[in-house]
Every structure is written in C-alpha cells, then in structure tokens.
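Below is one structure, written out as structure tokens, with a few remarks after it.
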Amino acid sequence: MENNELISKLKAIIKPYIQDEDAFKNLSEDTDFVKDLKINSANLVDIILDIEDEFDIRLENEDMEKMLDVKSAMAIVNTKLAG
Amino acid sequence: MNKKQIIALLPYQQPFLFVDGIDEISEHGITGHYTFKKNESFYKGHFKNNPITPGVILTECMAQIGLVCLGIYLLKDELNQTTNPKIALTSHQMDFYLPVLPEEKVTVISEKQVFRFHKLKCKVKLLNSKGELVARGDIAGMLMIK
C-alpha cells in the first residue's frame, strides 16, 4: 500500500482517540501515540482492534508492544499485509 | 480458581468493597451480588436526611463485580494467590432507571464484549431484589499483572 494512503487510513482510525489536537494536525511518521497524541492505554487497544478490522489482519501482543508511533504501526501493517 | 479466591484477590476493602458474593462465572460473563448496608459512609451526605445510593457507587459496584471479578477469573492462569492485579477504570457509559435505598440487595450481571491486550469491556446490568432494571451500560478497564 502507498504510504500516503496508509497514513490517511491510520489517521482516520486514530482520530476518535486522540487528546492532543495540535499534535494530531501535525501528524507525521514520527508521531508517538502516547507521548504526542496523549492516547491512553485502553484507547491504544481500541486502535489496535480498529486496525485489525480495517486491514483484516490479526495483531499479537508483540505487535502491540512495538506499536508506539505512526512509523511502527505502518511497518507492522505492511508486514502483516505482505504475510 | 473458585469464587472465594476471586473475592480474596480484589484490591478493595471496607468502606469501598461492593462485592458480597459471586453467583455464576464463566469465560463469557459473571453474576454477583451486594447488599448496601444501612450505615454506608456516603448515606450521611447523599442526600441530607434522605439516604439514596449514589449513581457513582452503583457504577463502582457494577465495575467491581462485572469487570474486576471477571477480569481476575479471565487472568487466572497468570495470577497466583500472592500477586494482585493492577487495575484501572478507563471508560463507562451508564443509564439509570431506579433508585437504590439502604439495605437493598442488588444483582450485577455482566457480559464480556472484548478481552484483548489486557483491556476488558463488558455490558453490565444492575437489578434490584424485585428483578427490576436499576442501571445498565458499558464499562471498560485495563487489567495487568505486574
């Protein structure tokens, strides 16, 4: 999937859960879910479940642990889609 | 893990323990009960000379039975008798229909919706002793073993 398309899909998934609007407006691959967007741990799980539904993939605990920022989320989704 | 062991692992005590017993428990849900004592601390202030159980306390009772007791059961393979689970309430949406007075027994019925990555989300109902619906809603929380 093209990076731009992937980022815009992720942005739509993340949007309902963010706490920091400015960080969300300036979202980039380096944006950290917890430090920048101030997402709480329960909503991070919601994001993981929404990513699973959107891309029809199954994520595991180790994926959750790695998924700290937009970049790592993109990498994990791409790996799962390729697999 | 039996019902008594689950209650023993709860991280609450008087005056903030709102679980008397568990009636049924499975991977899918839980039913439990609590009887509000005549002298619960909050009746003195809620309301002046007119004791009625606060909605937040009903929500707490629903969370302790519906989420925390069920969560301990679901985590039973990771828990032992000496490790307490770390818990946090993360969201709830609740509708209330009837008041609960001192000395009323309530029954909490909780159905698991999602339990993944340590987040437990349930649909929870609270009934009075006549079986009438007092409150219902969704409650979610995180449960971790540290």
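No lab work stands behind these numbers, since they all come straight from the coordinates. Computed from a predicted structure; not experimentally measured. Positions of Cβ are backbone-derived with ideal geometry, glycine not excepted, and every protein chain shown enters the neighbour counts.
Only helices enter the 222 nm calculation for chain A: every DSSP H run of n ≥ 4 contributes -39,500 (n - 2.57), and dividing by all residues gives -18000 deg cm²/dmol, rounded to 500. Of the chymotrypsin sites (Phe, Trp or Tyr not before Pro) found in the range B:43-89, the ones in coil according to DSSP and having at most 13 other Cβ atoms within 10 Å of their Cβ are B:47. For the segment B:109-120, counting C-beta atoms of other chains within 10 Å of every residue's C-beta and taking the mean gives 3.
Using the rule -39500 (n - 2.57) for each DSSP H run of four or more residues, divided by the residues of chain B, the 222 nm mean residue ellipticity is -3500 deg cm²/dmol. A DSSP coil position with no more than 13 other Cβ atoms inside 10 Å describes the following GluC sites (Glu not before Pro) in the range B:1-105: B:27, B:78, B:103. Candidate membrane-span-like segments in chain A, meaning DSSP H helices with Cα atoms spread over at least 20 Å of their own axis and a Kyte-Doolittle mean of 0.0 or above, are A:41-55, with no membrane implied.
Under a model in which nothing but the beta-carbon of Lys, Arg (+1) and Asp, Glu (-1) is charged, the protein assembly as shown shows a dipole of about 1080 debye around its Cα centre. For chain B, build the charge dipole from Cβ charges (+1 Lys, Arg; -1 Asp, Glu) around the Cα centre, then report which of B:88, B:2, B:134 sits farthest towards its positive end. Result: B:88.
What is the range B:32-116 by shape, rounded, prolate or oblate, if you read a ≥ b ≥ c off the alpha carbon gyration tensor as root eigenvalues and call it rounded for a/c under 1.5, prolate for a/b larger than b/c, and oblate otherwise? Since a/c reaches 1.5 and a/b is larger than b/c, the shape of the range B:32-116 is classed as prolate. Loop-resident trypsin sites (Lys or Arg not before Pro) (DSSP state other than H, G, I, E or B) in the range A:15-44 with no more than 12 further Cβ atoms inside 10 Å of their Cβ: A:35.
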